[in-house]
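Participant: Pasting a structure below so you can have a look.
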Amino acid sequence: HFPSFNSLQSGTSDEDMVEIAGATLDFSSTDDVPPLDRDYGSGGSYGAGDGSNGVPKLMDLLDEPVPGVGTYEDFNTIDWVREKSKDRDRHREIATKSKESALALMKSISDAFSGWLLMLLVGLMSGALAGGIDISAHWMTDLKEGVCLNGFWFNHEHCCWNSNETTFQERDKCPNWKSWAELIVGTNEGPFAYIMNYLMYVCWALLFSFLAVSLVRAFAPYACGSGIPEIKTILSGFIIRGYLGKWTLMIKTITLVLAVSSGLSLGKEGPLVHVACCCGNILCHLFTKYRKNEAKRREVLSAAAAVGVSVAFGAPIGGVLFSLEEVSYYFPLKTLWRSFFAALVAAFTLRSINPFGNSRLVLFYVEFHSPWHLLELIPFVLLGIFGGIWGAFFIRANIAWCRRRKTTRLGHYPVLEVLFVTAVTALLAFPNSYTRMSTSELISELFNDCGLLDSSQLCNYANVSVTKSSSDALPDRPAGQDVYTAMWQLSLALVFKMLITVVTFGMKVPSGLFIPSMAVGAIAGRLLGVGMEQLAYYHHDWVIFRGWCSPGADCITPGLYAMVGATACLGGVTRMTVSLVVIMFELTGGLEYIVPLMAATMTSKWVADALGREGIYEAHIRLNGYPFLESKEEFSHKTLAMDVMRPRRSDPPLSVITQDGMSVEEVESLIAETSYSGFPVVVSHESQRLVGFVQRRDLVISIENARQRQEGVVSASRIFFTEYTPPQPPNSPPPLKLRGIMDLSPFTVTDHTAMDIVVDIFRKLGLRQCLVTHNGRLLGIITKKDILKHMAQMANRDPDSILFN
């Protein structure tokens, strides 16, 4: 259930936007909440008919489930064990019923089919949204430079397609497409026209970014950023209500187009994963099986993350691997097949929309097929080292900047910050044609190999008399004047992109990181590639070139270097390996180059890991203090459960409930005095022998419900967690039986269990808390938050940063 948008508008002053939906929420009570009974419908046999001993007949809470029991508060962790066993019970029930009647059999078949149907819908919806985002972003990016007279809804390329007067040499110039200077001043030449175009470019950029940040601030504060760190946290079992809601989806889709078109240094790939997960979450509400079970819903979200990458890059298999390697916490085989199917449907939908107009799915299709030589692995590894160093530098700088934004006045003015960064970006980007074009176009041009017909500056080599061979591949040629100019411009673009991306990622607009990191790598790669090409041309008699680079042959492909560089930089920032290589060769169609891509990715991961342990998403999770237990981190300290559990030696004893001795009033005062999310149930205060565990939320709901619906329940009524109610004195008020909401099988460890084993149990089973016993007596409790605080202390970090702030 999503909050209405008023509750998302936690306040519209700039200050409230400081951190996602306001950092003032008090999370002291969310010390991970304990589990509930597995199923409220399972125990109808407990003595509901004890009316014989003169006590009015008890209303057993198990006769019908109380609404709200078994659900979770916002900013809490779900209990995977309980959710999975709830689903198994549901499954068992359907399976036994299906043997009884034809109708029940149909129900069981539709239940089995609902998962695949849901995947189909997620794929269709995400594919359609992605197509829309691509088309509108392309159109609005071109709008900054000019407008089409045939119809303002055509972008530059489509406008010139329809024109009959377009020549091949000047295919970018056609009478129907007018730049703003031509429309306003009447000419496109001269300094005045240049200033006019410059002004319009900056104004449009500012307008787009202002709209984006204002919409995010007013309607959906959760729509900012890339969304992948939060989705990782949600998939690990955390609940952030409204993060995947209708408003977030609507606003994120609109503002993503605006943010990309404003020319800021950001991509749309990360946010598309968030958009796809929103689709998955919203569509889950159509199916009871997924609506009522948080663990099942997370399986759908894992598949939706795969769909997001599939539509962002047109790389369905890369998407499935990305979900498996980077975002998912729990990824059973069934989810793998479903992700595969959903990614396929989404890619098919996107292909039928055909947003790039080239009837290809992929963003940057390359057509070079010249073989690479073994010695070229040396520059490829160098690119890998560059990617690793840049990745580690970027993470450090970006986290330092984001921390500054959180702790200083800067964070109070998100709108001004976005406008300022946009203004700087637009002013610096316009003069350089490589930064003026959209980042995806830039990467496309850098990946491209020079053929005979290319009109790009990068391909303006001095012409050598070409004996036309059968292939389109041209021999290596000396670089012309234009190539040197292009090299200068690219070097400036490289510095500009490196610096501006650090400040842009993490602002209050939707911002992805894939495309800017790839741009940095592609520019560096192309520069190195052209350098190698000229080296081979002028020194083909050197030992390294002698064997394979005869004069007049095409031996070095600069576009390939750009591709390898892009992979290396993206790998250095995100630390992906397998999925990254697969995404890259699906993206470019360059199957021959898997080995160079693998070499660069591996090198960049090693170098980046040596300089800093975590990738950008893990760093952002840590910065925001989300309760995320990283499965890649090793726990190497020799501590025991009793060192981590609470209460500590100086603390007051653990708050517990006895199974048959407490009245409603005592339990209510215990709830009022403490802020814990659950209480162990023991036989008696003296023996401290454990019976089970009950959750605060369920206790409150059940007592309220009983006061309303059960006659005679007053503050003096006794609460029983035992199976049978002992006979009551004749004139006592009727007791309240709450065994149904108690978890009878809480996880326990002994006080001497090594902490690394406890951490493993929490990771692999997805627990939210674990009880600590000694000789069968209850000693204390360990929650997920205690573990995270302990790990932070061991790593000499501030343990209080593990609050969702």
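The values are calculated or read from the model by the stated rules, or taken from the named source; none is laboratory data. What you see is a predicted model, and the numbers here were worked out from it, not measured in a lab. A quick note on method: Cβ atoms are made from the backbone with ideal geometry, for glycine too, and the neighbour counts reach across all protein chains shown. SASA here: full protein model, heavy atoms, side chains in, ligands and nucleic acids out. Shrake-Rupley method; radii C 1.70, N 1.55, O 1.52, S 1.80 Å.
Participant: Considering every residue within the stretch 235-243, establish whether at least one is open to solvent by 20 Å² or more (accessible area, probe 1.4 Å) and either out of contact with any Lys or Arg (no Cβ under 7 Å at 6 or more places or on another chain) or over 27 Å from residue 87 (Cα atoms) (or both).
Facilitator: yes
Participant: Look at the stretch 752-779 and say how many of its residues are farther than 21 Å from residue 82 by Cβ and either open to solvent by 10 Å² or more (accessible area, probe 1.4 Å) or of a type in the set (Gly, Ala, Ser) (or both).
Facilitator: 10
Participant: Can you tell me which residues in the stretch 639-659 are at pLDDT below 90 and either open to solvent by 70 Å² or more (accessible area, probe 1.4 Å) or aromatic (Phe, Trp, Tyr) (or both)?
Facilitator: Selection gives 648, 649, 650, 652, 653.
Participant: Then there's this: Is it the case that some residue within the stretch 551-559 is touching a residue at least 24 places away in the same chain (Cβ under 8 Å), in contact with a Lys or Arg (Cβ under 6 Å, 6 or more places away or on another chain) and more than 30 Å from residue 257 (Cβ to Cβ)?
Facilitator: yes
Participant: Still on this structure: Of everything in the stretch 282-304, what is crowded, with 18+ Cβ neighbours inside 10 Å and either free of Cβ contacts under 8 Å to residues at least 12 places away in the same chain or among the β-branched types (Val, Ile, Thr) (or both)? Give them in sequence order.
Facilitator: Scanning the stretch 282-304 gives 282, 300.
Participant: Which condition does residue 51 not pass, out of (1) among the small types (Gly, Ala, Ser); (2) open to solvent by 30 Å² or more (accessible area, probe 1.4 Å); (3) modelled with pLDDT of 90 or more, if it passes all the others?
Facilitator: The number of the failed condition is (3).
Participant: Of the numbered conditions (1) buried (at least 17 other Cβ atoms within 10 Å of the Cβ); (2) closer than 30 Å to residue 354 by Cα; (3) not aliphatic (A, V, I, L, M), residue 114 fails exactly one; give the number of that condition.
Facilitator: Failing condition for residue 114: (1).
Participant: Residue 98 fails exactly one of the following numbered conditions: (1) small (Gly, Ala, Ser); (2) crowded, with 19+ Cβ neighbours inside 10 Å; (3) more than 30 Å from residue 316 (Cα to Cα). What is the number of that condition?
Facilitator: (2)
Participant: Look at residue 428 and say whether it is of a type outside the set (Val, Ile, Thr), closer than 24 Å to residue 587 by Cα and modelled with pLDDT of 75 or more.
Facilitator: Taking the combined requirement at face value, the residue does not satisfy it.
Participant: Within the set of pairs 6+ apart or on separate chains, which have a first residue in the stretch 700-726 that is over 17 Å from residue 657 (Cβ atoms) and without any contact (Cβ under 8 Å) to a residue 40 or more places away in the chain, a second that is part of a loop (DSSP other than H, G, I, E, B) and open to solvent by 70 Å² or more (accessible area, probe 1.4 Å), and C-beta atoms under 8 Å apart?
Facilitator: So the pair list comes out empty.
Participant: Show the residue pairs that are 6+ apart or on different chains and have beta-carbon atoms under 9 Å apart, the first residue being within the stretch 765-786 and under 23 Å from residue 73 (Cα atoms), the second being of a type in the set (Gly, Ala, Ser) and part of a strand (DSSP E or B).
Facilitator: 768/678; 769/678; 771/780; 781/678
Participant: Only one of these is in contact with a helix residue (DSSP H, G or I) (Cβ under 8 Å, 6 or more places away or on another chain) and assigned to a loop (DSSP other than H, G, I, E, B): 713, 758, 749. Name it.
Facilitator: Criteria check complete, one pass: 713.
Participant: Does any residue of the stretch 625-639 turn out to be within 33 Å of the chain's Cα centre (by Cα), assigned to a helix (DSSP H, G or I) and more than 19 Å from residue 448 (Cα to Cα)?
Facilitator: no
Participant: Filter the stretch 305-325 down to residues that are open to solvent by 10 Å² or more (accessible area, probe 1.4 Å) and within 18 Å of residue 575 (Cβ to Cβ) and give me whichever is farthest from the chain's Cα centre (by Cα).
Facilitator: Result: 321.
Participant: Among the listed residues 730, 734, 726, 799, identify the single one that is loosely packed, with under 14 Cβ neighbours inside 10 Å and more than 26 Å from residue 689 (Cα to Cα).
Facilitator: Criteria check complete, one pass: 730.
Participant: Could you list, in sequence order, the residues of the stretch 570-597 that are in a helix (DSSP H, G or I), more than 15 Å from residue 521 (Cβ to Cβ) and open to solvent by 10 Å² or more (accessible area, probe 1.4 Å)?
Facilitator: Within the stretch 570-597, 578, 582, 585, 586, 591, 592, 594, 595 meet the criteria.
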